[in-house]
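Colleague: I have a structure here, written as structure tokens, and I will follow up with some questions on it.
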Amino acid sequence: MKKNLYRKELAGFKPYVPGKPIEEVKREYGLTDIVKLASNENPLGPSPLAMEAVIRAVKDINLYPESTAVELKRDLAVYLGVKVENLVIGNGGEELLMLIAQTFINEGDEVVVTAPSFGIYNTSTCLMGARIITVPLQKKNFDISGYCMAVTDKTKLIYLCNPNNPTGNIITKTELDELLKKIPKNVVVVLDEAYYEFASVNPDYPKSLGYLEERPNTIILRTFSKVSGIAGVRIGYLVTSEENAAEMNKIKLTFNVNRLAQEAARGALRDQEHIQKTVELNYKSLSMMEAYFNKKEFDFFPSNANFIFVNAKQHSKIIFEELMKKGIIIRPGYFWGWDTWLRVSTGTEAQTQKFIDELEVILCKG
Ligand SMILES: Cc1ncc(COP(=O)(O)O)c(C=O)c1O
């Protein structure tokens, strides 16, 4: 009899399909200029101070990195007003999400998520043999009472992607307060704030670090991939209670975050000018798209992030393929089961205009 080689949880897994790489689209379509609005990257490029830091650090790559990323942790502790012991540094937010699952989730636990949302919450939970309970968005918002009702004595963890990917809506301070009042303190609440800097200009966005003292089983996750533009070196961090952080740091890979990434993040943290410019450009680009969508009478989610989710009223696979022929890569909504919706990252003003113009041509052809 054939022995089953693989973890039983893998049986139901579908491979994750990332956005098409620029190089592949160039080759396939014989194009030279590509506008990638598919992965919520920074259209202004990397933080200049991060680049300088990488160049300085490159001469030392014969040496292993600092395993605890202590210099970066010290910088972050000052920047955030937390203790070094509250921090875990990861090879991108993705690694941290996997680490959260490995640290907390047992077989038989329940984990509450919304839908549509970031896929790793589901895959990491299923991999650990736990059950996902889905509370879909309601009228473009988190369903707070739905979340409360979904929590049982089996619930280990709840994920709140804030702003939510792919939709860009937020859970407001008022909503979060209401939710946290009803969720037992031994349930771990993960606030995924990968798009924090974009959302924090909204006065209704919660100041999540303030919840930690009252509620130590809160995890706040952020990344340098988006606003700082260093997705390619892979680095993110989370803030939680000292006890939770110690457990996670126990099982992380020894040298999970490389030397160049650690230095790039330190540079990026000092580069508030780049962050500010990026956020300003983001809202210009969003308002260009919103104006166009309003003219077309398209339904869209008001965005608090560097992407927008819109119903273009035609199948997203067709629009995705037609745009790709013009050298524009977006994320089609059918991946999440939202067939006529598109998730489009913000570009420079010229890139955003190109997207609008080409979409108009495609829609007119019908
Ligand atoms: C909601 C959310 N969380 C976490 C991440 C992980 O980002 P990274 O691994 O690049 O830090 C992403 C990336 O797209 C995201 O959209």
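The values are calculated or read from the model by the stated rules, or taken from the named source; none is laboratory data. Every value quoted in this text rests on a predicted model; they were computed, and no experiment measured them. All Cβ positions, glycine included, derive from the backbone under ideal geometry; neighbour counts span all protein chains shown.
Colleague: In a helix (DSSP H, G or I), free of Cβ contacts under 8 Å to residues at least 60 places away in the same chain, assigned by TED's automatic domain parsing to the domain that holds Tyr196 and out of contact with any Phe, Trp or Tyr (no Cβ under 6 Å at 6 or more places or on another chain) - does that describe any residue in the stretch 25-44?
Modeller: No, every residue in the stretch 25-44 fails to be in a helix (DSSP H, G or I), free of Cβ contacts under 8 Å to residues at least 60 places away in the same chain, assigned by TED's automatic domain parsing to the domain that holds Tyr196 and out of contact with any Phe, Trp or Tyr (no Cβ under 6 Å at 6 or more places or on another chain).
Colleague: Filter the stretch 76-109 for residues that are away from the ligand (no atom under 16 Å from the Cβ) and surrounded by 19 or more Cβ atoms within 10 Å (Cβ to Cβ); which is nearest to Leu209 (Cα to Cα)?
Modeller: Looking at the filtered set, the residue picked out is Val82.
Colleague: In the list Ile251, Ile235, Ile219, which residue meets the criterion of being within 16 Å of the ligand (Cβ to nearest atom), of a type in the set (Val, Ile, Thr) and farther than 15 Å from Asn162 by Cα?
Modeller: Every option except Ile235 fails the conditions.
Colleague: Could you look through the stretch 1-24, keep only residues that are more than 18 Å from Ile132 (Cβ to Cβ) and touching a residue at least 60 places away in the same chain (Cβ under 8 Å), and pick out the one that is surrounded by the fewest Cβ atoms within 10 Å (Cβ to Cβ)?
Modeller: Checked the stretch 1-24; the qualifying residue surrounded by the fewest Cβ atoms within 10 Å (Cβ to Cβ) is Val17.
Colleague: Output yes when any residue across the stretch 296-307 is in contact with a Pro (Cβ under 6 Å, 6 or more places away or on another chain) and either in the same structural domain as Val25 (by TED's automatic domain parsing) or surrounded by fewer than 17 Cβ atoms within 10 Å (Cβ to Cβ) (or both), and no when none is.
Modeller: Yes, there is a match, as at least one residue in the stretch 296-307 is in contact with a Pro (Cβ under 6 Å, 6 or more places away or on another chain) and either in the same structural domain as Val25 (by TED's automatic domain parsing) or surrounded by fewer than 17 Cβ atoms within 10 Å (Cβ to Cβ) (or both).
Colleague: Starting from residues that are away from the ligand (no atom under 16 Å from the Cβ) and closer than 30 Å to Thr278 by Cα, keep the ones in the stretch 30-44 and report whichever is surrounded by the most Cβ atoms within 10 Å (Cβ to Cβ).
Modeller: Checked the stretch 30-44; the qualifying residue surrounded by the most Cβ atoms within 10 Å (Cβ to Cβ) is Val35.
Colleague: Name the residue, out of Asn62, Asn42, Asn4, that is within 21 Å of Ile356 (Cα to Cα), among the polar types (S, T, N, Q) and out of contact with any Cys (no Cβ under 8 Å at 6 or more places or on another chain).
Modeller: None of the other options fit; the residue is Asn42.
Colleague: Search the stretch 110-119 for residues being surrounded by 21 or more Cβ atoms within 10 Å (Cβ to Cβ) and within 12 Å of the ligand (Cβ to nearest atom), and hand back the single one that is farthest from Glu247 (Cα to Cα).
Modeller: Pro116
Let's see how each residue does on (1) at pLDDT below 95; (2) under 30 Å from Lys277 (Cβ atoms); (3) assigned by TED's automatic domain parsing to the domain that holds Phe118; (4) within 16 Å of the ligand (Cβ to nearest atom):
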site	(1), (2), (3), (4)
Pro166	no, yes, yes, yes
Lys173	no, yes, yes, no
Asp177	no, no, yes, no
Pro184	no, no, yes, no
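Colleague: Would a scan of the stretch 193-204 turn up a residue that is closer than 19 Å to Ala101 by Cα, assigned by TED's automatic domain parsing to the domain that holds Glu85, buried (at least 24 other Cβ atoms within 10 Å of the Cβ) and within 11 Å of the ligand (Cβ to nearest atom)?
Modeller: yes
Colleague: Considering only the stretch 125-150, state which residues are in contact with a Gly (Cβ under 9 Å, 6 or more places away or on another chain) and outside any loop (DSSP other than H, G, I, E, B).
Modeller: Cys126, Arg131, Val135, Pro136, Gln138
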